[in-house]
Structures are given as structure tokens and as C-alpha cells.
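Here the structure is laid out as C-alpha cells; the discussion comes afterwards.
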Amino acid sequence: MSEQRTERWLWIGGTAAAWAATTALTPTLPYVTAVYCPLVALGSLCVSPVYGAALGVASLAASIALTRGDPAHALPVALGVVGVWVAAYVAARRRRDEQEDFERILSLVRHISSRLDPAEVPTAIVRTAREATGAKASSLRLLAADGKTLELRAAEGLSRTYMDKGPVDVRRTPIDRKVLQGEIVTIHDAATDPRVQYPHEAHEEGIASVLCVPLKRKDDVIGVLRVYSARPRQFSGRDVRMLVALSDHAVIALRQAELHRATLTFMRKVTHELRAPLAAIGSYLKVLLEGIAGSLTQQQTDMLRRADRRTTLLLEEVNDLLSLSRARLDKPSEANVEFRLPAVVDGVVSLMKPKAEAGGVALGVECAADLPPLVGSPEDIEELVSNLVSNAVKYTPSGGSVMASAKLNGQGVLLRVSDTGIGIPADDLPRLFNEFHRCTNVRQSGIEGTGLGMAIVKTIADRHHAEVRVESEEGKGTTIEVRFPLGRA
């Protein structure tokens, strides 16, 4: 706000100074009108308004040094100067609008690009398109493999009835044929436009105007991005530019999501194939270490123990990778059932008790008995709790304590796992949920791990619409809270 006020005073002061200066100089220097006004225009339009204001002030100083001149020349010169400054002001506003558009597009693109989940990217695209244009609704349709229909991938602001009206037959919609040829199409009245495939449904939905832009991947059009207005609307050039820019980045985001899904699928397949042979190798190593196949020398025992430890760690990593890929690929809705969080926490703590006692760590549990049930995947939530409790026990030295609790917190259920362990360095906190990230003090301590536990926790929490918060101080312990919304997990 202060920048706009400063600029406004620059316009007023510069215009007044230019008027006074040219009025004084015109009779003394006849060529000043022909030279000065274009000079101010050039400086204001091509350099900056500040430059024009400075030039006006300089002219005023020059007029004082010369002569006052004939006031009769004031009106034509003043009109010329004011016209120049108005044009410069409009140009400056346009530059400011373009800068704001650029910053807004950049912010929206970052919002889209931050998603890699193939299920989340289309939703992020339509939400961004709707916000960018101030439209009633938006939708994203991608061309089917047969090239004959456009299949709905995501929509926002549209009713389920309208979304379920069926796929769009490209052969019956001249609009989509044009868009798939790379053209931008605007529909002023969807209820009466003969090019619309479902005019009655559009009227019932309250859709008046539609803007359609193609999604282009190199030379091919792979889909259509639309925004819908509830009233007749002439979409501006700014709306079109904004939506075209978003469509370009949407194609990139969709491709990144496809590659991410392919990577996860490959990772899931490879780790699944590795798990069985690694488990078999681990079993044979344990048989050898137990002396079932014959006695061993001390050197052989040491070597086999090192191999067994490495195999166990590798098997843990394979299992974690499988868990991570499953959490990111599988839809949580496939296993949505009602369950109680205290039962899950109690079960995990019971399984972890022997490990905690062996390490000299006091493991406790404190869950409210009257917590409402959650809806979600109990297997995934059990894995989330298990990772949190396991990490807390692993990184807490002998004599320390770990507490797992669950209680009602506002409009949600709060899971908290706190420990008195080695803590997390401040520099590592921003990267805590990155895959394969292991904190500095953990690496220095020699404690083995895969660096995937917290990535799994964050993935499961996100898929279940839960919020994760971490508080930690190196050397004093860590508290991790996961807040589940009521009604679902």
C-alpha cells in the first residue's frame, strides 16, 4: 500500500513539475514542446515512472534558472504533458498487472507441482484453474486411448449428477474437436449454443459460459481444461492467458505423476521379488549360526553374524519400500472400515514391549477409553503407529522412556508419541519426512536404519487426511503428534 501511495505522489509531483517547467520554457526555448513531451513519454513508458518524475523536476529547476515565460502557453503544454503522464500511468498499471499475474501463476504452479500422487494432481489442477479465473467450477478431461471420448479425471464446483452424465463423445461435440485441434474455445451461453453436447444438463447445473483450453504435450493434445461461469461472461484476455499458462504446467505435472506412479510400481515389483529370497537367505544364515549344520570357528561365526545383520537390515529396507509404495499407490477408500485408535495403539505397544525392555527403555501407553471411532484403514494406521513407536524406542538410550497416547482434541483425535531420546537436530527437521533421510546424530551414533519410517508415516497420514506435527530438541527427546479428523482416519 505504501508503494502505491508513493507512486501516486510521484505522478502528481512529476506532472505538476513538468507542467510548470514546460510553461516557463516554451516561450524562451521554442523547441522544448516538441522535444520535452516525447522525452517524458519515452522515459515513463520504457524506463519507469520515476524517471519521468525526475525529468519533470529537472525541467522545473531549469525554468527557475532561465525565465518565467508567457503564461499563455500554459494550457496546450499542460494538456500535452498530462496526456503523456496518463498514457504512462496506464502502461505502468499494465506492467504491474502482468507482474501480479506472473507471481500468481508461479504460486499456483508451485501448488500443482508439489503434488506427485497421481490421484491428487488432477484435483490440484482443477482447483487451481477455478481459483485463478474466479470461475464457478472447473473440470479436467483426458482423451481416452481410443481417441473417441474425453474421460473425466477431476472436477470442482460441479454436482455429482452433472459429472456422471457420461463421457464426452468427441465425434458429437464440435467444441471439443476444435479444442483437440489446439484451439481455445469460448461458449457464451451453454444452454443455447448448438455446439454443446449436454445443453439441458448445463442449464440445470447453472452453467452459463465456458472457457475451454487444450492440454498440449509437444504436438499432441491429450485433454481439455475447462472453467465454468454461473452467469454470462466474456472471458478476458487475462483469463485466457492465465488458463493457458496453467494448462502448460498441468501437462508437466500430469507427466511427472505418471512417471512417479511408474517408479513406485517398479519399486513395488522389485522389492516384492527381493523379499522372498532375502528371507530365505536370512533363515539359512540363522540355521548356520545355531550350529544345526555343524560347528563353526569363531571367525566363521563373526563373518556369518555380520552377513546376518546386513541381510536383516536389507530385508527391513525392502519391507519399508513395499509399505511406502503400497501407501502411495493404493487408494485408502479400498479399505475404509470403522476402528478404534486406542485398540491399535495398545496392540502396537504390546508388540514393542519386549524390544523396549531389552533396551532398558520404559514404554507406556495412555489412551482415553471414550474416544469416538475413526473410519479408514486400520492396517495402515497400525503401520503408522508402529513406525512412530519403533523409532522412539530405537533412538532412546537405556534408562529413558517412551509414551504413546491417544485422546480427543477439538474436532479430532490426537495420537502422540513422545520420548526422552537423542532428539532431532534443528537442521534435520525440514527434511525429516524425506525418503532415506537419516539425521546427523543418528548417523554419527551408528544406529542402523532405512531412513524410510517417517516417509511412510507422512504418506499414510496424508492419505488419511491427518496432520503431523513434530517438536524436538537434540539431546532432550522428541514428540510427534498426528491429528486425525473425526469420522475418518
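The values are calculated or read from the model by the stated rules, or taken from the named source; none is laboratory data. On a predicted model such as this, the values are computed, not experimentally measured, just so you know. Methodologically, a virtual Cβ is constructed for each residue, glycine included, from the backbone with ideal geometry; neighbour enumeration extends over all protein chains shown.
Data table
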{"quantity": "Filter result for Thr192 (surrounded by fewer than 16 Cβ atoms within 10 Å (Cβ to Cβ) and hydroxyl-bearing (Ser, Thr, Tyr))", "calculated": "yes"}
{"quantity": "Residues satisfying the stated conditions in segment 310-329, i.e. among the polar types (S, T, N, Q) and either over 10 Å from Met267 (Cβ atoms) or assigned by TED's automatic domain parsing to the domain that holds Asn391 (or both)", "calculated": "Thr311, Thr312, Asn319, Ser323"}
{"quantity": "Meets criteria (surrounded by fewer than 17 Cβ atoms within 10 Å (Cβ to Cβ) and either of a type in the set (A, V, I, L, M) or over 21 Å from Pro373 (Cα atoms) (or both)) for Thr396", "calculated": "no"}
{"quantity": "Residue match in segment 382-402 (condition: part of a strand (DSSP E or B) and in the same structural domain as Gly446 (by TED's automatic domain parsing))", "calculated": "yes"}
{"quantity": "Yes/no for Arg226 being out of contact with any Asp or Glu (no Cβ under 9 Å at 6 or more places or on another chain), in contact (Cβ under 8 Å) with a residue 60 or more places away in the chain and either surrounded by 14 or more Cβ atoms within 10 Å (Cβ to Cβ) or assigned to a helix (DSSP H, G or I) (or both)", "calculated": "yes"}
{"quantity": "Hits in segment 428-481 (condition: part of a helix (DSSP H, G or I) and either in contact with a strand residue (DSSP E or B) (Cβ under 8 Å, 6 or more places away or on another chain) or not assigned by TED's automatic domain parsing to the domain that holds Ser418 (or both))", "calculated": "Leu429, Val457, Lys458, Ala461"}
{"quantity": "Qualifying residue in segment 353-367 (condition: among the hydrophobic types (A, V, I, L, M, F, W, C), part of a helix (DSSP H, G or I) and either surrounded by 16 or more Cβ atoms within 10 Å (Cβ to Cβ) or outside the structural domain of Leu414 (by TED's automatic domain parsing) (or both))", "calculated": "yes"}
{"quantity": "Selection status of Asn387, in contact (Cβ under 8 Å) with a residue 12 or more places away in the chain, within 30 Å of the chain's Cα centre (by Cα) and either within 30 Å of Tyr284 (Cα to Cα) or crowded, with 21+ Cβ neighbours inside 10 Å (or both)", "calculated": "yes"}
{"quantity": "Extreme residue, farthest from Gly157 (Cα to Cα), among residues of segment 180-202 that are touching a Ser or Thr at 6+ places or on another chain (Cβ under 9 Å) and assigned to a helix (DSSP H, G or I)", "calculated": "Pro199"}
